[in-house]
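**Q** A single structure is presented below for examination.
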Amino acid sequence: MLPAERKRRIVELVSDSDGRSVESLSEHLGYSKATIRRDLRELEDRGLIERSHGGAVPVTSVGREQTYGQKEVQNLEGKRAIADRAVEELAEGQVVFFDAGTTTMEVARKVPKDGTILGVTNSPRLAIELNEEDNEVKLTGGTLRRRTKALVGPTAESFMERTNFDLLFLGTNGLDVESGLTTPNEDEARMKELMVEKAAKVVLVADLSKLGRRSFVQFASLEDIDLFITDGTLDTDSREEIESAGVTVVDGVAR
């Protein structure tokens, strides 16, 4: 197979499978992992794929949405470091909402299992994680989105409109100074909008790859966020712009 054909096949395989690991591509195409990694770097430079930890995913656009499985394996170390810091915001007796997502899942895994908080979520996966030992958990109900495993729709929205929360752990697909917080799906954007509206304190947990990205629908502005916890270190301009909106920034937690 000529190099150009090999690279074309890589793009096809990554796109058709919503992502592939280096190992999988190496086995499927019969080339070394080193060769595949070089091809992935070139394809990313050409804007044809996006590299992820250990592999590649289809190129992102404002309307494109990665699956839960794709996001689950990306930057796991950074997400765990964010979670370690995030649980410091918990206090006994709080009602805490956990947004559906892979970073918030890591936060849920760090939550004490002694029943000191009431957990609420629109994610069945998160509910199972939270509902261990003495913890009580409530689910919003609603329609389960296959792509993100999040509950959305009129039933979920009705639950949100009747309830209030002390604390929200919120995820996002994009964080941009001008566009605020954005996500590809309108139903999920509405749920996130209600989460923010109903929470006394909003903690954004997002790795630094989200900074500067824009998705299809805005669900909150920077002014809606109280605390932003991220793994990497923000550049000076970004920090100043975010903090000028009244957001407390805790960055570099993965160092």
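**Q** What about residue 190, is it over 26 Å from residue 84 (Cβ atoms) and surrounded by fewer than 20 Cβ atoms within 10 Å (Cβ to Cβ)?
**A** Spelling it out, residue 190 is indeed over 26 Å from residue 84 (Cβ atoms) and surrounded by fewer than 20 Cβ atoms within 10 Å (Cβ to Cβ).
**Q** Take residues that are open to solvent by 10 Å² or more (accessible area, probe 1.4 Å) and under 23 Å from residue 225 (Cα atoms) and tell me which of the helices (runs of 4 or more DSSP H) falling wholly in segment 65-179 contain 2 or more.
**A** Here the list reads 76-86, 102-110, 154-161.
**Q** Would you say residue 182 is outside any helix (DSSP H, G or I) and either open to solvent by 10 Å² or more (accessible area, probe 1.4 Å) or polar (S, T, N, Q) (or both)?
**A** yes
**Q** I've got another one for you. Here are the criteria: (1) closer than 21 Å to residue 204 by Cα; (2) modelled with pLDDT of 95 or more. Tell me which single one residue 178 does not satisfy.
**A** Residue 178 satisfies all of (1) closer than 21 Å to residue 204 by Cα; (2) modelled with pLDDT of 95 or more except (2).
**Q** Restricting attention to segment 190-226, report how many residues are farther than 18 Å from residue 102 by Cβ and touching a Phe, Trp or Tyr at 6+ places or on another chain (Cβ under 6 Å).
**A** Looking only at that region, the number is 3.
**Q** Does segment 201-220 contain any residue that is open to solvent by 10 Å² or more (accessible area, probe 1.4 Å), β-branched (Val, Ile, Thr) and free of Cβ contacts under 8 Å to residues at least 12 places away in the same chain?
**A** No, segment 201-220 contains no residue that is open to solvent by 10 Å² or more (accessible area, probe 1.4 Å), β-branched (Val, Ile, Thr) and free of Cβ contacts under 8 Å to residues at least 12 places away in the same chain.
**Q** How many residues are in contact with a strand residue (DSSP E or B) (Cβ under 8 Å, 6 or more places away or on another chain) and under 11 Å from residue 55 (Cα atoms) if we restrict to segment 24-45?
**A** Residues flagged as in contact with a strand residue (DSSP E or B) (Cβ under 8 Å, 6 or more places away or on another chain) and under 11 Å from residue 55 (Cα atoms) within segment 24-45 amount to 4.
**Q** Among 169, 165, 228, 216, which is the only one that is at pLDDT below 95 and touching a helix residue (DSSP H, G or I) at 6+ places or on another chain (Cβ under 8 Å)?
**A** Among 169, 165, 228, 216, only 216 is at pLDDT below 95 and touching a helix residue (DSSP H, G or I) at 6+ places or on another chain (Cβ under 8 Å).
**Q** Among (1) in contact with an Asp or Glu (Cβ under 6 Å, 6 or more places away or on another chain); (2) over 24 Å from residue 143 (Cα atoms), where does residue 224 come up short?
**A** Against the list (1) in contact with an Asp or Glu (Cβ under 6 Å, 6 or more places away or on another chain); (2) over 24 Å from residue 143 (Cα atoms), residue 224 comes up short only on (1).
**Q** So which pairs qualify, if the first residue must be in segment 15-34 and farther than 13 Å from residue 57 by Cα, the second must be acidic (Asp, Glu) and surrounded by fewer than 17 Cβ atoms within 10 Å (Cβ to Cβ), the Cβ gap must be under 8 Å, and the two must be at least 6 apart or on different chains?
**A** Matching pairs, first to second residue: 33/23.
The values are calculated or read from the model by the stated rules, or taken from the named source; none is laboratory data. As the structure is a computational prediction, the values presented were derived from the model and not from experiment. Cβ atoms come from the backbone with ideal geometry, glycine included; neighbour counts cover every protein chain shown. Protein only, heavy atoms only, side chains kept; ligands, DNA and RNA dropped before computing areas. Shrake-Rupley method; radii C 1.70, N 1.55, O 1.52, S 1.80 Å.
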